[in-house]
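To start, the structure itself, in structure tokens.
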Amino acid sequence: AQSVTQLDSQVPVFEEAPVELRCNYSSSVSVYLFWYVQYPNQGLQLLLKYLSGSTLVKGINGFEAEFNKSQTSFHLRKPSVHISDTAEYFCAVRLTQGGSEKLVFGKGTKLTVNP
Amino acid sequence: NAGVTQTPKFRVLKTGQSMTLLCAQDMNHEYMYWYRQDPGMGLRLIHYSVGEGTTAKGEVPDGYNVSRLKKQNFLLGLESAAPSQTSVYFCASRKWETTDTYFGEGSWLTVV
């Protein structure tokens, strides 16, 4: 079975500081990995995804993530955050089961950017 | 440019009442999903559908039913609402053989 662990439930940082949100997955097969962002009272928006190829993937709003197969990690990073990055971030893995595919989400990390 | 639309956006129910959440997508997607989001739990899959006329159970299906009579619509029903079903519900859809899943804006349901 595939599962996703987000190691930090809350991450407070100051504006313009770098941030890393950690995500580990468990899977015995190749995976598709995703990061989604949820702004307050809104739906989920895709930030970036890893399907194959280069292990460093770049997404929207200056975010990037690195796929590390040996450590089964897919950590999200941004070198300098803004107040507007305050949101909840979800890591997800695509699970294939019984011929159908669905996303399995981590429990989320709340990023709070303080002035 | 509607994408995935959920109705209603907010609803308060009394314990034991029934209701239906409607999800509509205009992107001709085959896959549709219903998730619930609870604090500290992330999103958990309730039911999903891989095409018109087909549905399947997800991680937390108890207390819910679904129907996919038309390709563009996926209905989530609560036959007898319970306070434990107080949650934010998200519908999502995806085209077969693609990787991007699109989410609706959410439906806030409170059961008192």
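The values are calculated or read from the model by the stated rules, or taken from the named source; none is laboratory data. Worth saying up front: this structure is predicted, and the values here are computed from it rather than measured. In this analysis, Cβ positions are derived from the backbone assuming ideal geometry, glycine residues included, and neighbour counts consider all displayed protein chains. Protein only, heavy atoms only, side chains kept; ligands, DNA and RNA dropped before computing areas. Shrake-Rupley method; radii C 1.70, N 1.55, O 1.52, S 1.80 Å.
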Report summary line: Within the stretch B:1-50, residues being in contact with a helix residue (DSSP H, G or I) (Cβ under 9 Å, 6 or more places away or on another chain) and among the hydroxyl-bearing types (Ser, Thr, Tyr) number 1
Query raised in the report: List, please: which pairs have Cβ atoms under 8 Å, are six or more places apart or on different chains, and start with a residue in the stretch A:57-73 that is farther than 17 Å from residue A:26 by Cα and end with one that is open to solvent by 80 Å² or more (accessible area, probe 1.4 Å) and not in a strand (DSSP E or B)?
Result: A:62/A:79
Query raised in the report: If you check A:78, A:102, which single one turns out to be among the charged types (D, E, K, R) and either open to solvent by 80 Å² or more (accessible area, probe 1.4 Å) or away from chain B (no Cβ under 14 Å) (or both)?
Result: A:78
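Count, please, the residues in the stretch B:67-86 that happen to be assigned to a strand (DSSP E or B) and within 14 Å of chain A (Cβ to nearest Cβ). Even if it seems obvious, please write down each step before you answer.
Of all residues in the stretch B:67-86, those assigned to a strand (DSSP E or B) come to B:67, B:73-78.
With the extra rule that they be within 14 Å of chain A (Cβ to nearest Cβ), the set shrinks to B:74.
Residues flagged as assigned to a strand (DSSP E or B) and within 14 Å of chain A (Cβ to nearest Cβ) within the stretch B:67-86 amount to 1.
Suppose the filter is at pLDDT 95 or above, over 27 Å from residue B:104 (Cβ atoms) and open to solvent by less than 60 Å² (accessible area, probe 1.4 Å); does residue A:37 pass it? Full working, then the answer.
On the way: at pLDDT 95 or above: yes; over 27 Å from residue B:104 (Cβ atoms): no; open to solvent by less than 60 Å² (accessible area, probe 1.4 Å): yes.
So residue A:37 fails the test.
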Requested in this report: Select from the stretch B:51-89 the residues that are open to solvent by 60 Å² or more (accessible area, probe 1.4 Å) and on the phi > 0 side of the Ramachandran plot and list them in ascending order.
Outcome: B:53
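Are any of the residues in the stretch B:19-27 surrounded by fewer than 21 Cβ atoms within 10 Å (Cβ to Cβ), assigned to a strand (DSSP E or B), more than 13 Å from chain A (Cβ to nearest Cβ) and not hydrophobic (A, V, I, L, M, F, W, C)? Write out each step before concluding.
Keep residues of the stretch B:19-27 that are surrounded by fewer than 21 Cβ atoms within 10 Å (Cβ to Cβ), which gives B:19-20, B:22, B:24, B:26-27.
Going one step further and asking which of them are assigned to a strand (DSSP E or B), we end up with B:19-20, B:22, B:24.
With the extra rule that they be more than 13 Å from chain A (Cβ to nearest Cβ), the set shrinks to B:19-20, B:22, B:24.
This time we only want the ones that are not hydrophobic (A, V, I, L, M, F, W, C), so: B:20.
Yes.
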Report task. Consider residue A:86 carefully, then state whether it is modelled with pLDDT of 95 or more, touching a Lys or Arg at 6+ places or on another chain (Cβ under 9 Å) and surrounded by fewer than 18 Cβ atoms within 10 Å (Cβ to Cβ). Result -> yes
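Just wondering, is there one or more residues in the stretch B:90-105 that are open to solvent by 20 Å² or more (accessible area, probe 1.4 Å), over 22 Å from residue A:32 (Cβ atoms) and more than 9 Å from chain A (Cβ to nearest Cβ)? Please lay out each step first, then the result.
Looking only at the stretch B:90-105, we keep the residues that are open to solvent by 20 Å² or more (accessible area, probe 1.4 Å), and these are B:95-100, B:102-103, B:105.
Restricting the remaining residues to those that are over 22 Å from residue A:32 (Cβ atoms) gives B:105.
If we keep only those that are more than 9 Å from chain A (Cβ to nearest Cβ) too, we end up with none.
Checked the stretch B:90-105: no residue is open to solvent by 20 Å² or more (accessible area, probe 1.4 Å), over 22 Å from residue A:32 (Cβ atoms) and more than 9 Å from chain A (Cβ to nearest Cβ).
Kindly indicate whether residue B:40 is outside any strand (DSSP E or B) and either touching a residue at least 60 places away in the same chain (Cβ under 8 Å) or not aromatic (Phe, Trp, Tyr) (or both).
On the way: outside any strand (DSSP E or B): yes; either touching a residue at least 60 places away in the same chain (Cβ under 8 Å) or not aromatic (Phe, Trp, Tyr) (or both): yes.
In short, yes.
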Query raised in the report: Of all residues in the stretch B:33-50 being closer than 15 Å to residue B:96 by Cβ and touching a Lys or Arg at 6+ places or on another chain (Cβ under 7 Å), which is most open to solvent (accessible area, probe 1.4 Å)?
Result: B:48
Requested in this report: Examine the stretch B:80-98 for a residue that is under 25 Å from residue A:96 (Cα atoms), touching a residue at least 60 places away in the same chain (Cβ under 8 Å) and touching a Lys or Arg at 6+ places or on another chain (Cβ under 7 Å), and state whether such a residue exists.
Outcome: yes
Report task. Just one of (1) closer than 27 Å to residue B:91 by Cα; (2) open to solvent by less than 20 Å² (accessible area, probe 1.4 Å); (3) away from chain B (no Cβ under 11 Å); (4) at pLDDT 95 or above trips up residue A:22, so point out which. Result -> (2)
